[in-house]
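Everything below concerns the one structure shown next.
The values are calculated or read from the model by the stated rules, or taken from the named source; none is laboratory data. Only a predicted model underlies this, so the values are computations on that prediction, with no experimental measurement involved. Cβ placement follows ideal geometry from the backbone for every residue including glycine, while neighbour counts extend to all protein chains displayed. For accessibility, only protein heavy atoms count, side chains too; no ligands or nucleic acids. Shrake-Rupley method; radii C 1.70, N 1.55, O 1.52, S 1.80 Å.
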Amino acid sequence: MVPKQLEDLQNLLSSHDGKRPIAEDGDAHSSLTKKRRLRSDTFNTPETTPIHKGSKISVISPASVDQKGVKKLNFTEHVQIKKEASHVKVEQQLTVEIPTPPVTPQKDEENKENVVPTSKPQSIYLRAKATFQRSSPVKFSSVLPERNAEANALKNFFMSHIKEGQASSLYVSGPPGTGKTAQLNLTLSEFIDMESTEKLQQVEIDGKDYTLGYSYINCMTVSKTSNIYSEIYTALTGEKVHIKQSRDQLQSFLSSDKAHMSIIILDELDQLLGKQNDEVFTLFSWALNCNIILVGISNALDMVDRLLPRLKMNGLSPNTLVFMPYTADQIARIIKAKIETIEMESHELGFELFHPAAIQLCARKSASNTGDLRKAFDICRCAIELVERETRGLNILKDRGDKQLQSVKIQHIARVINTVFNTNQMSKLRELNLQQKLLVCLLIKAEGANPFQTLTMNAFYEYYIKNGKVDNLVGLLKKAEFLEALSSLEANSVVRVNKSPRAFSESKISSSVVKKDLASVIKGIYILEKLMADSGLLAN
Ligand SMILES: Nc1ncnc2c1ncn2[C@@H]1O[C@H](COP(=O)(O)OP(=O)(O)OP(=O)(O)O)[C@@H](O)[C@H]1O
Ligand SMILES: [Mg+2]
């Protein structure tokens, strides 16, 4: 692979896609004030979508409160609720499309003509690449593949609170690329016209009308945490407000005796977390007595634990919903579902676009890396590019008309993985800050001291407190900061975390760095060299 392509590939695999809500499919009848009609006789997502064992769920039930005070609705409770209310049907099945850059080819007939100016073999690779493009237009009903349980839980949550007019809050967590934003937006788009500029929207549930306000904020775009109130106020009302008055004005807007509920989505909520977490606490506490349905989304699994003491004192515990990382089998099924959209054509041409073993390898490698689906899609796309190039080479040697097509095989996936993951880890290690490098070194040291025992986060924290004070310039992290640093190392695939269902701090942690690479990265960093002098690492 030439250096430029390699660079592009690495950029793709290390960056996240745009964080924005999913737009609803353009519907000929839709207008800005369109009223959504929902009925409660088919509340749940299609029966045909199986609930996979890997889909774990812990959501929301006012009835169930664990010893930490976190309300949880397990799937059985959820099913019971479904029976009682016998249930909500989306009268007209909405199809939602993830927005895509205009250049991305689409699958429908109309676009086919625009996109396929060349021969068929090229077109199929083009379409396959487009399918695996980040933010490619994948059509779903209102449920992502393999997210049936989570979609049901979200729909139940919104539906029940809108109908009861009851304020509530939900905290959605899970590692990157597990479909949190995508599924939430798919679910919401059943209630709300997310493209609409109208500040209030009508939804009809079981023949009854409800008026809803809606605001989606990606907290990454909020420049200062204290600006969050004004951002929400402006999103809900369309009016500007002075930062100093924004908190009070928003509170009085939300608590005034209005006949409507406001749905507030705070995506990437961890961006608002700081030392005091005042704003996040305040917003969640408003879900007690203001007309809001508040949903916070973030990667931090333990955010509720961190905020819980204060929230609990105020009689409030947000509901929680965890998006577990996709298992290798789930990733394989999701990839297959994507391929199905182009499979007809490849079968017509008499070849299989992806060899089953290639899908398996991609799925297994992605699941063991971070479980981020974006990376799995990137690997598929890059492998298609490889095959396309090879095919082009072969076809040049052949007569025109006798085009040859090749499948993506296990070796193509392996080549992409080798190029990307191996090179990436070295550069990822280099990019870590001193504190993070120190944590990785300490983990290697702690593992060396106890080779037969996998460390828990808690045990590693104790080790860190005893051994982490290597220099006056590098302060010791507090427990929450320590856990956060480790989850960011996990996202970078530098450490592996085997999550405990009880608490993030009880999860097992192990290193996943190539020691030789780490030794080379810490070369010249005196305090780390000193720390690792007796570990044998530097002999690597
Ligand atoms: N089950 C799925 N089937 C098909 N595509 C999926 C599925 N889950 C996620 N995706 C796709 O993967 C990409 C990442 O999903 P999404 O942005 O929802 O992840 P996230 O959990 O919000 O990640 P982050 O924590 O980084 O914000 C999106 O393009 C989304 O459409
Ligand atoms: Mg997201």
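Which FRET efficiency value, to the nearest 0.05, is calculated for Asp534 and Lys469 with the Förster distance at 25 angstrom and r the Cβ-Cβ distance? The calculated FRET efficiency here is 0.90. Hydrodynamic estimate: the Kirkwood radius of the range 432-539 over Cα pairs, inserted into Stokes-Einstein at 37 °C and 0.692 mPa s, corresponds to D of 236 µm²/s. By a 1.4 Å probe calculation restricted to protein chains, Arg374 has an accessible surface near 50 Å², given to the nearest 10.
Modelled label positions at Glu431 and Ser488, each set 7 Å beyond Cα in the direction of Cβ, lie 1.2 nm from each other. Over the range 154-287, what portion of Cα pair distances is larger than 21 Å, expressed as a whole percent? Counting every Cα pair in the range 154-287, those more than 21 Å apart make up 42 percent.
Charge tally for Ile465 (other residues, Cβ to Cβ under 11 Å; Lys, Arg +1; Asp, Glu -1): +3. So, counting K/R as plus one and D/E as minus one, what does the shell of residues with Cβ under 15 Å around Ser511 add up to? Around Ser511, the charge tally is +4.
Taking the range 359-380 and a reference point 7 angstrom along Cα→Cβ of Lys508, the backbone N atoms nearer than 19 Å belong to 367-371.
Quick one: Cα centre-to-centre distance for the range 321-337 and the range 195-216, in angstrom? Answer, in whole Å: 32.
Between Phe281 and Glu239, the C-beta separation translates, for a Förster distance of 22 Å, into a calculated FRET efficiency of about 0.30.
Using a probe of 1.4 Å, the accessible surface attributed to Val470 totals some 40 Å² when neighbouring protein chains are kept in position. As a calculated quantity, the FRET efficiency between Leu476 and Glu390 at R0 = 45 Å, using C-beta atoms, amounts to about 0.30.
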